[in-house]
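S.K.: So that we are looking at the same thing, I have put the structure below in structure tokens.
The values are calculated or read from the model by the stated rules, or taken from the named source; none is laboratory data. Predicted model only: the values in this text are computed from it and were never measured. For neighbour counting, all protein chains shown are included, and Cβ atoms are generated from backbone atoms with ideal geometry for every residue, glycine included.
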Amino acid sequence: MQLYELTLKQLKSKLINQEISSSEIVDSILDRIKVVDEKVKAFITVTEDMAKNLAKDLKQNSESKVLTGIPYGLKDDMCTNGVRTTCASKMLENFTPNYDATVVSRLKDQGGVLIGKLNMDEFSMGSSTEQSAFFATRNPWDLSRVPGGSSGGSAAAVAADELPFALGSDTGGSIRQPASFCGIVGFKPTYGSISRWGVMPFASSLDQVGIFSKDVQDCATVMNVIAGKDQLDSTSVDLDSTDYISYLDTNIKGMKIGFPKEYFQKGMNEEVKALIMKALNKYEEMGAIVQEVSLPHSEYALQAYHVIASAEASTNLARLDGVEYGLRDFQADNVVDMFSNSRAKGFGDEVKLRTMFGTFVLSSGYYERYYLKAMQVRRLVNEDFNKVFQDVDVIISPTTMNTAFKIGQKADDVLSLYMNDVLTVPVNMAGLPGISIPCGFIDGLPVGMQIIGKPFADGSVLKTAFAFEQNTDYHKQKPVLGVN
Ligand code: GLN
């Protein structure tokens with residue numbers, strides 16, 4: 001096996017045993033990127049020199065930290081001191097922050113080595129990474145297909161063995177859906193468990209930073225590093241004493257698993273459904289109790305999500321007006337034209353659509369009719385989950401109704417693109433933890449299973465995922481990129 005193929009845990013043990021150096025790992029990863037990223041196109045920026053210099057000085061010894069010498073990548077919506085942070089937008093094409101997001105400082109403090117910044121849908125609005133202002137990322141399992149989105153670069157890079165792990169952000173499914181399409185682990189923890197400070201906001205009440213990794217163990221390791229209270233984010237919660245690794249055991253005897261009947265209906269690919277049913281059987285074999293549950297309002301979650309997310313996006317993106325940072329139109333001869341020309345040039349179509357829609361639903365006369373209604377739906381979605389979680393420990397569903405679609409296939413069909421998140425959005429609406437793990441293949445394309453937990457029961461979600469993973473080997477399958 002090549003170094004770039006290894007998990008975080010495997011790399012760490014080789015480092016500790018002095019079998020390899022961090023420089024060797026970083027070189028192996030950078031070489032891999034040179035060979036495959038022309039095809040996959042996951043990276044917007046590769047921080048090659050920085051990574052090589054840092055790795056030279058990192059040695060594993062008794063004082064080593066959790067990530068000493070381990071490479072990672074970041075979705076390009078996370079601010080990195082001295083490294084361009086674009087949100088895959090022309091607006092921020094030349095924006096280089098002079099500070100690190102809290103998650104980035106935490107990875108750095110534990111000795112991680114940043115390899116680069118990863119492609120995404122512009123300002124996280126999309127489900128395919130085709131909305132990047134720069135280029136589309138491709139699915140490593142089939143280069144003619146999308147990797148999912150909006151954190152598609154992060155997912156594709158981990159799936160293509162260009163990184164052992166990466167961070168992404170998830171507002172309505174942007175970690176779980178690409179993880180599902182790319183056949184890797186993608187975890188969106190409970191809202192508030194990881195600081196959002198320094199991460200470009202899309203919809204602040206829904207946004208959550210999370211992790212892409214090759215297995216659940218690595219996901220728990222990274223959680224230990226990045227989760228917990230941050231004075232700079234008032235929505236972050238004190239979880240400092242939580243050790244996510246301690247939850248990873250395979251004894252799930254007596255665990256109650258619910259499968260929501262509404263999540264297996266309209267438009268569901270029968271083969272996807274069959275794979276989830278097979279997985280539920282596996283859980284029963286392992287001693288879990290599986291029962292049908294009902295989440296009747298989830299059906300309305302997607303529509304309400306688009307109202308709420310767009311409303312929040314319209315206010316969050318108001319800061320990008322050409323004044324403080326980002327693209328500025330220098331030709332305008334008055335300030336109002338400068339604002340509007342800068343935004344007209346800087347933003348792509350999807351961002352314009354959503355900011356206009358968001359401004360509309362917040363405007364006087366429409367606020368009650370749309371925004372307030374959407375908030376009421378959000379409450380109902382939440383209450384459904386609360387009720388179900390009185391009876392079961394976790395909920396299992398497919399992550400998406402289908403496997404990865406072709407690039408361009410949904411370009412003229414925005415609604416069918418939005419439908420990609422129909423099974424993931426309710427989880428953000430309720431702020432719950434959700435993970436997608438590989439559970440099979442259809443015609444050579446990966447299928448993901450979503451496990452949803454109670455608020456702050458992130459450990460139980462990881463445990464449920466770990467138990468399945470230990471009894472299957474879907475996560476060990478690798479795409480053939482023709483260069484292995
Ligand atoms: N695909 C969804 C959207 O377009 C979710 C995006 C996200 O989670 N950032 O809004």
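S.K.: Quick one: LEU3 ticks every box in (1) at pLDDT 95 or above; (2) over 29 Å from VAL146 (Cα atoms) bar one, so which box is it?
M.R.: Answer for LEU3: the failing condition is (2).
S.K.: Does VAL199 satisfy being touching a residue at least 12 places away in the same chain (Cβ under 8 Å), within 27 Å of LEU67 (Cα to Cα) and buried (at least 20 other Cβ atoms within 10 Å of the Cβ)?
M.R.: Considered against the rule, which asks whether it is touching a residue at least 12 places away in the same chain (Cβ under 8 Å), within 27 Å of LEU67 (Cα to Cα) and buried (at least 20 other Cβ atoms within 10 Å of the Cβ), VAL199 comes out as yes.
S.K.: Would you mind finding the one in LEU295, LEU320 that is more than 16 Å from the ligand (Cβ to nearest atom), under 30 Å from GLU93 (Cβ atoms) and among the hydrophobic types (A, V, I, L, M, F, W, C)?
M.R.: LEU320
S.K.: List the pairs whose first member sits in the stretch 1-19 and is surrounded by fewer than 17 Cβ atoms within 10 Å (Cβ to Cβ), whose second member is at pLDDT below 95, and whose Cβ atoms are under 7 Å apart, counting only residues at least 6 apart or on separate chains?
M.R.: ILE16/GLN60
S.K.: Quick test for you: out of MET286, MET277, pick the one residue that is surrounded by 15 or more Cβ atoms within 10 Å (Cβ to Cβ) and out of contact with any Asp or Glu (no Cβ under 9 Å at 6 or more places or on another chain).
M.R.: Being surrounded by 15 or more Cβ atoms within 10 Å (Cβ to Cβ) and out of contact with any Asp or Glu (no Cβ under 9 Å at 6 or more places or on another chain) holds for just one of MET286, MET277, which is MET286.
S.K.: Regarding VAL307, is this residue away from the ligand (no atom under 16 Å from the Cβ) and not polar (S, T, N, Q)?
M.R.: no
S.K.: Follow-up question, since we're still on this one. Of the residues that sit in the stretch 357-370 and are among the hydrophobic types (A, V, I, L, M, F, W, C) and within 15 Å of the ligand (Cβ to nearest atom), which one is nearest to SER124 (Cα to Cα)?
M.R.: PHE357
S.K.: Further question: Which members of the stretch 329-356 meet the condition of being over 22 Å from PHE202 (Cβ atoms) and either touching a residue at least 60 places away in the same chain (Cβ under 8 Å) or part of a helix (DSSP H, G or I) (or both)?
M.R.: VAL335, VAL336, ASP337, MET338, ASN341
S.K.: Still on this model: Before we move on, is ASN281 more than 30 Å from ALA374 (Cα to Cα), free of Cβ contacts under 8 Å to residues at least 60 places away in the same chain and among the polar types (S, T, N, Q)?
M.R.: yes
S.K.: Right, ASP238: acidic (Asp, Glu) and part of a loop (DSSP other than H, G, I, E, B) or not?
M.R.: Yes, satisfied.
S.K.: Right, next: Answer yes if at least one residue in the stretch 163-185 is more than 12 Å from the ligand (Cβ to nearest atom) and among the acidic types (Asp, Glu), and no otherwise.
M.R.: Within the stretch 163-185 (the criterion being more than 12 Å from the ligand (Cβ to nearest atom) and among the acidic types (Asp, Glu)), the answer is no, since none of the residues qualifies.
S.K.: Restricting to the stretch 186-222, what's the tally of residues that are more than 15 Å from the ligand (Cβ to nearest atom), part of a loop (DSSP other than H, G, I, E, B) and closer than 30 Å to GLY444 by Cα?
M.R.: Summing the residues that are more than 15 Å from the ligand (Cβ to nearest atom), part of a loop (DSSP other than H, G, I, E, B) and closer than 30 Å to GLY444 by Cα in the stretch 186-222 gives 2.
S.K.: Quick test for you: out of LEU317, LEU362, LEU295, pick the one residue that is touching a strand residue (DSSP E or B) at 6+ places or on another chain (Cβ under 9 Å), at pLDDT 95 or above, surrounded by 17 or more Cβ atoms within 10 Å (Cβ to Cβ) and among the hydrophobic types (A, V, I, L, M, F, W, C).
M.R.: After applying the criteria, what remains is LEU295.
S.K.: Identify all residues within the stretch 403-462 that are surrounded by fewer than 21 Cβ atoms within 10 Å (Cβ to Cβ), in contact (Cβ under 8 Å) with a residue 60 or more places away in the chain and of a type in the set (Ser, Thr, Tyr); write none if there are none.
M.R.: TYR418, SER460
S.K.: Moving on to the next point. Under the condition of being under 22 Å from VAL307 (Cα atoms) and basic (Lys, Arg), which residue from the stretch 329-373 is nearest to the chain's Cα centre (by Cα)?
M.R.: Filtering the stretch 329-373 for residues that are under 22 Å from VAL307 (Cα atoms) and basic (Lys, Arg), the one nearest to the chain's Cα centre (by Cα) comes out as ARG354.
S.K.: Scan the stretch 113-156 residue by residue and report those that are surrounded by 24 or more Cβ atoms within 10 Å (Cβ to Cβ), closer than 22 Å to ILE194 by Cα and more than 16 Å from the ligand (Cβ to nearest atom).
M.R.: VAL113, ILE115, GLY116, LYS117
S.K.: Select from the stretch 102-159 the residues that are within 12 Å of the chain's Cα centre (by Cα), of a type in the set (Ser, Thr, Tyr) and not in a loop (DSSP other than H, G, I, E, B) and list them in ascending order.
M.R.: Result: SER124, SER154.
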